[in-house]
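Input: a single structure, listed below in structure tokens.
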Amino acid sequence: MSVLARSVGNAFRNKVRTAAVVAVLAVAIGLALAMLVANQAVTGKVAELNASVGTVLTVNPAGGQGFEGGGEPLTSAQATTAAAVPNVSSVVGTKALRLRNAAEIAAEAASGRTGQGGPGGQSATSVTTSLTAAVDAGTLGNRNQASTGTTGSTASGTGTTAAAPAFSLPITATGIGAEVDSTGKALQLTQGTGLGNYTAASTGALLGTTLAEKNGLKVGSTFTIQEKTFTVQGLFDAGTAFGNNALYVTLPTAQTLAALPDELSTMIVTVNSMENVDAAKTALQAALGSGKADVTQGQRNLETAVSSLDSVKNISFIAFVAALGTAGLIILLIMVMLVRERRREIGVLKAIGAPNRTIGLQFVLEALVLVALGSVVGAAVASLASGGIASALISSSSSTTAATGQRGGPGGFPGGQGGPLGGASQLLTSVTASASPGVIAAGIAAVFGVAIIGALVPALLTARIRPIEVLRGE
Amino acid sequence: MIEVKNLVRTFKSGDRTIKPVNDVSFELEQGTLASIVGKSGSGKSTLLSLLGALDKPTSGDVVVNGVSLASMPDGKLTNYRRRDIGFVFQQFNLIPNLSAVDNVMLPMEFSGMRKAARAERARQLLEQVQLDPDKHVRRINRLSGGEQQRVAIARALANEPKLILADEPTGNLDEQTGEHIIELLSTLSRDHNTTILVVTHDRALANKTDRRFRLQQGRLTEEPVRTRATAALTG
Ligand SMILES: Nc1ncnc2c1ncn2[C@@H]1O[C@H](COP(=O)(O)OP(=O)(O)OP(=O)(O)O)[C@@H](O)[C@H]1O
Ligand SMILES: [Mg+2]
């Protein structure tokens, strides 16, 4: 019999009460762990959003965006100018192309609808590909195409629009100067590797998952753009159907395909920190000249998402601390009760020469046995509940975000990526998936810390018990 | 050697003060087997708890081998109880949810003895007090009063104390088992030079001690006894 064995034995002396105490502790500990998991997930997401989206500025040609509008294209020289602006940590140029399926163009030409691929000023040449778009045109696609396509389809006239056969959407091919998507966020590769050096010509390409699936392509498969053969080097998941109907090649490759070696569609400018974004935006606009470039904070609407996530982060942290405190309080009260109940026994132990620290240790260990049991049950409860709690917290707070973010959604053609909406749903999936063992372990360590503090008070109370008071009997 | 000097212990009950120990002084040489007799409520248990450092006197002092208990801090008193004293309580005061062996092992655990050694010694001690081997691992609250009393005696002997204070150690025992316990105690005092002070109503026990004290309303007086030496001479 040792102190530990005695503590374990004492913890199970009254089995009904032990079960009740463990159940109450499990609820408090489970809640604490669930809140910690939610907090960690949201904290991670906030950091990620701050790092990737919150600090990104998008530079478009003045008067133009995507494949719409007009003005003068951006050049590589402007990228150099942008890079020299204070607080700018990186500048990534992109060159967007619209790819049309070669067979479909031929079919459309035959039916009299021509030049659908080139509205706007920037990509007049239709770039052909062997790929088929993964998105059906549907009502929105037909309507968008009808309104933006009129300049290119004057030959057929407005009268034929209604009678025109359904066409497939173009595929956006973007040349990128780094492994980021057209909003500056790091690409989420699900298979394969990146393209290596994004500032050199390459015959590699990264395909969106649905585009690859639609065309039956895997990593290593080949397809053609402008009759040149490209190899699929990786697949990415942008999280949206629109984003996945796209492919990326290196920047020089796209410039060569477009036969416009020095031109950029956009520049993605990353600022070193969120606080400097506004100043950098002004400086960048001044450096590039307001007549030549439009600088926008691409995903400003995500700031609302970040701030509402920040409040979720705070709420979950407060709830974690409160639940932790509750667990500590439960332990404190239970142990105070046990000490009172076993006064006589404590007196006997003292009478036969047990040092105060041995008795105190015995009670702390007994508390830890109860907490350990509570943690096991609580961790199980938490792993079941944390996903639900996290998504409940986030969906309630992000519904407002989604509403304000709507304007970037389905209405906008290539410029709007459906960002915040897609972002919010991405948040949900990544938040629910992240109940990591490490976080649970850290939470349980915190629970044990609090339990020791909670048990210490009653343990110290035992030191004040005098043997003779109790030996006289109650 | 234990010296008791003008020991007083008073209790307040309502507006009355009672003095179960009233100016008690005596000395015991190391190795003496002594008894205290007296009526119920005469203060015997109170005196014993003062000697065993379970209680603090209102005034006076107990000096053990030259060290005064009155001047000892609580931590030292705990060490004194663990190392130097074996106390057999009138109400046994065993830990009810532990087995007999575990109870006897407790004082040895507190003094840091290794587990195997204390298990072995606990088993030997329980044999010495004639507890059936199959009852060694039985929980205390499933033992009879007499069995519990013998476990309490075994526990008091665990750390080989220099002074054993036993409050009616044979009160719950049959005559034969009581004889055996008396024999055990007198062997300890004779062969191991252990000082033993027993409170008893048992005439057989009181007559076998080297010295006999009587407590009457808090006052201690010594009564003459046939010493063991004379008992041996006269048979
Ligand atoms: N804590 C206390 N408070 C008040 N009175 C007490 C207290 N402890 C003991 N007494 C009283 O002191 C007197 C002596 O008690 P004590 O237990 O020493 O008697 P005793 O000689 O051991 O009796 P017995 O032979 O019945 O065990 C009793 O009258 C008792 O009521
Ligand atoms: Mg008594």
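For segment B:130-141, residues that are away from chain A (no Cβ under 14 Å) and under 22 Å from the mean Cα position of the chain (by Cα) total 2.
Of B:LEU106, B:LEU54, all but one fail to be within 9 Å of chain A (Cβ to nearest Cβ) and within 16 Å of ligand 1 (Cβ to nearest atom); the exception is B:LEU54.
For A:GLY411, the criteria (1) over 23 Å from the mean Cα position of the chain (by Cα); (2) modelled with pLDDT of 50 or more; (3) more than 14 Å from chain B (Cβ to nearest Cβ); (4) surrounded by fewer than 16 Cβ atoms within 10 Å (Cβ to Cβ) hold in every case but one, which is (2). The number of residues in segment B:109-129 being within 11 Å of chain A (Cβ to nearest Cβ) and under 21 Å from B:THR187 (Cβ atoms) comes to 1.
Within segment B:16-31, if we keep just the residues that are within 13 Å of ligand 1 (Cβ to nearest atom) and farther than 23 Å from A:ARG466 by Cα, the residue that is modelled with the highest pLDDT turns out to be B:VAL24.
Condition check: part of a strand (DSSP E or B), within 16 Å of ligand 1 (Cβ to nearest atom), among the basic types (Lys, Arg) and in contact (Cβ under 8 Å) with a residue 40 or more places away in the chain. Does B:LYS5 satisfy that? Here the answer is no, as B:LYS5 does not meet what is asked.
I'd like to know if segment B:202-218 contains one or more residues that are surrounded by fewer than 22 Cβ atoms within 10 Å (Cβ to Cβ), within 16 Å of ligand 1 (Cβ to nearest atom), away from chain A (no Cβ under 14 Å) and part of a helix (DSSP H, G or I). Within segment B:202-218 (the criterion being surrounded by fewer than 22 Cβ atoms within 10 Å (Cβ to Cβ), within 16 Å of ligand 1 (Cβ to nearest atom), away from chain A (no Cβ under 14 Å) and part of a helix (DSSP H, G or I)), the answer is yes, since at least one residue qualifies.
Residue-wise test of (1) within 16 Å of ligand 2 (Cβ to nearest atom); (2) at pLDDT below 95.
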residue	(1), (2)
B:GLN148	no, no
B:ALA152	yes, no
B:ARG155	no, no
B:LEU165	yes, no
B:THR170	yes, yes
B:ARG190	no, yes
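Inclusion of B:PRO20 among residues that are part of a strand (DSSP E or B), surrounded by 17 or more Cβ atoms within 10 Å (Cβ to Cβ) and in contact (Cβ under 8 Å) with a residue 12 or more places away in the chain is warranted. Here B:THR78 qualifies as without any contact (Cβ under 8 Å) to a residue 60 or more places away in the chain, outside any loop (DSSP other than H, G, I, E, B) and buried (at least 18 other Cβ atoms within 10 Å of the Cβ).
Scanning segment B:85-102 for residues that are assigned to a loop (DSSP other than H, G, I, E, B) and either within 23 Å of A:ARG6 (Cα to Cα) or at pLDDT 95 or above (or both) gives B:PHE89, B:GLN91, B:PHE92, B:ASN93, B:LEU94, B:ILE95, B:PRO96, B:ASN97, B:LEU98.
Hey, among B:VAL63, B:VAL88, which residue is under 30 Å from B:GLU223 (Cα atoms), more than 12 Å from ligand 1 (Cβ to nearest atom) and crowded, with 22+ Cβ neighbours inside 10 Å? Spell out the reasoning first.
On the way: B:VAL63 fails: crowded, with 22+ Cβ neighbours inside 10 Å.
Only one candidate qualifies: B:VAL88.
Could you pull out the residue among B:GLN149, B:GLN130 that is touching a helix residue (DSSP H, G or I) at 6+ places or on another chain (Cβ under 9 Å) and within 16 Å of ligand 1 (Cβ to nearest atom)? Of the residues listed, the single one that is touching a helix residue (DSSP H, G or I) at 6+ places or on another chain (Cβ under 9 Å) and within 16 Å of ligand 1 (Cβ to nearest atom) is B:GLN149.
Please give the number of the condition B:ALA34 fails out of (1) near ligand 1 (Cβ under 10 Å from one of its atoms); (2) surrounded by 20 or more Cβ atoms within 10 Å (Cβ to Cβ). Every condition holds for B:ALA34 apart from (1). Annotation: of all residues in segment A:122-144 being of a type outside the set (Ser, Thr, Tyr) and over 18 Å from A:ALA102 (Cα atoms), the one that is modelled with the lowest pLDDT is A:GLN122. Among the residues of segment B:10-61, those that are within 16 Å of ligand 2 (Cβ to nearest atom) and hydrophobic (A, V, I, L, M, F, W, C) comprise B:PHE11, B:ILE18, B:VAL21, B:VAL24, B:ILE36, B:VAL37, B:LEU47, B:LEU48, B:LEU50, B:LEU51, B:LEU54. Of the residues making up segment B:158-194, those that are within 14 Å of chain A (Cβ to nearest Cβ), in contact (Cβ under 8 Å) with a residue 60 or more places away in the chain and away from ligand 1 (no atom under 16 Å from the Cβ) are B:ALA158, B:ASN159, B:PRO161, B:LYS162, B:LEU163, B:ILE164. Beta carbons closer than 6 Å, at least 6 apart along the sequence or on distinct chains, pair a first residue in segment A:349-373 that is under 17 Å from B:THR78 (Cα atoms) with a second that is part of a loop (DSSP other than H, G, I, E, B) for A:ALA351/B:LEU54; A:ASN356/A:ALA463. Taken over segment B:40-66, the criterion of being touching a helix residue (DSSP H, G or I) at 6+ places or on another chain (Cβ under 8 Å), outside any loop (DSSP other than H, G, I, E, B) and farther than 21 Å from B:LEU157 by Cα is satisfied by B:VAL62 alone. B:GLN91 passes every criterion in (1) more than 8 Å from chain A (Cβ to nearest Cβ); (2) within 16 Å of the chain's Cα centre (by Cα) apart from (1).
The values are calculated or read from the model by the stated rules, or taken from the named source; none is laboratory data. As the structure is a prediction and not an experimental result, all values here were calculated from the model. Heads up, the Cβs are rebuilt from the backbone with ideal geometry, glycines too, and the neighbour counts pull from every protein chain shown.
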